[in-house]
Structures are given as structure tokens and as C-alpha cells.
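What follows draws every value from the coordinates through simple rules; no lab data is involved. Computed from a predicted model, the values in this text were never measured in an experiment. All Cβ positions, even for glycine, are placed from backbone atoms using ideal geometry, and neighbour counts span all protein chains on display.
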Amino acid sequence: MGLLYSLKPGLDEIYADPELRASAYRRHLDYFNTNPYFSSILMGVLLFLEEKLATKEIAEDIMVDTKEGLMTAFAAVGDSFFWDSWRPFVATLAVLLAFNNLLFTPILFLLIYNIPHLYLRFFGIFWGYRMGPDVIRILPKFQMQKLRPTLRFTTLALLCFLIPNFVNLHTPFLITFSSEYFFLGEKIVQGFGACLLVGLAALGYKAGIDVLMISFLLMVVALLFHHWGILI
């Protein structure tokens, strides 16, 4: 329904005949699922193809096949970049800024995260309408596949910076120390724990584990250590 609602003004312009217009409406009530940030590009392509179909330059099967192919491609590219790379990076950066007591961090997070996809949403429909199915050729210009590993590595590096600088590790085993050695022992434990967590994160990344999964596993390890009485 959302796709048809977005395409309706264009379809009304293309088809003056009520029957042809109704047929176009039904054509876009089929299953539609892709990355929302790339949907406007696909809508532009569909309007391009509808014009071709209205003048009988293409068959309806070509439109259906093109729609399914681009829908899958855009879902793969958009989900892997925005959900898997861009969002964790911006969120980690925001956490780092928040720990430094920057009050405008929420606004900065919204700006950094939203500007790229709003750019795609606004201009994408024009690209799709002008270029048709050939619009897929402009995707390599954004270097998303090359940016993905860079963003993921940077996210992990920021997490590794956050752990030793903003996570305090305490253990009850130091309570038996004399007061003059307590501070030194506490710092040793914090340093060792931070190095251990950073090392685990690096090994996870080297093994190809998702950055979000690494963050979740670090949290689970900390909770287990607390449950066992190793950390307080």
C-alpha cells in the first residue's frame, strides 16, 4: 500500500484511461520489500518503466522482473551499509561524545546519521526516473562496499577506546590488600581487564564476527563476571 500511495500521483499522470490506471494500481499492490533508504530510487525506476509500458515499448513481464531484481539488490546494499555499518559507527561515536559531556550529542547523532539517507531519499527518485534500470550503475560511485569494512573497523576501534577509558573494573579480591597497595592493584586490574576485552574484540573482528555481536558478547562477558563475583 505504501508503494502504491507513493506512485499514485505519477501513475495518474501516465494513465488517463481509468481501466489502465486501475491495472497499474493492481500491479503495484504486489509484494514489495527493500531497504527504505533506497526505495525512492526504485520508485523512480518503476515510473520510468510505467511510461515505457504505457507506450508499449516494453512488456509487463520486464517491469516485474526488473522490480524484483532491483528490490533484492537495493535491500542487500542498503541493509549491509546502513544497518550493519553506518548505524553502529554513528551510535558508537555518539556514545563517545556523550561520555565527554557534550550536550548537543543527540542532535549531532541525528544529523550525522540522517543526512546520507535523506540525500538518497530525495534525489534517488530523480535518478531512477531519468536513468531507469541503469541507475544501478551509479551505486559504485558511493563506494559503499569499500566504506563498509572501514566503518566496521573504526567502530571497533572506538569501542576499544571506550572500554579502557570509560569502563571501571573492580574486583573484591583487592579488598584484602593493604591501603598503600590498593590503588596500584586497582589500576592493574583495570588495565588487565581492558586489555583482555580489547583483545577479545580484536579476535572477534579478525574472525569475521559482526561488530554488533562483538558488542553484545562483551556485555555478556561483563555480566557473567559480575554474576560470578569476579567484578563488582
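Rounded to the nearest 0.05, what FRET efficiency do ASN101 and ASP79 give with R0 = 35 Å and r taken as the Cβ-Cβ distance? Could you check? Computed FRET efficiency for ASN101 and ASP79: 0.55. For THR72 and ALA91, the difference between the fully extended length at 0.36 nm per residue and the C-alpha to C-alpha distance is 4.2 nm.
Placing a label point 7 Å from the Cα of THR150 along the Cα-to-Cβ direction, the residues of the stretch 67-101 whose backbone N falls under 16 Å from that point are 81-82, 85-87, 89-90. Here the spin labels are modelled as points 7 Å beyond Cα on the Cα-Cβ line, and at PHE126 and GLU13 they lie 1.3 nm apart.
Order these by the 10 Å Cβ neighbour count, fewest first: TYR31, TYR119, TYR25.
In order of increasing Cβ crowding within 10 Å: TYR31, TYR119, TYR25.
For a protection proxy built on the mean count of beta-carbon atoms within 10 angstrom, sort 105-118, 47-60, 75-88 highest first, please. Write out the running numbers ahead of the final one.
On the way: 105-118: 13.9, 47-60: 15.6, 75-88: 18.4.
Final packing ranking: 75-88, 47-60, 105-118.
Once the Cα-Cα distance is subtracted from the 0.36 nm per residue extended length, the ILE115 to LEU4 segment shows a gain of 37.4 nm.
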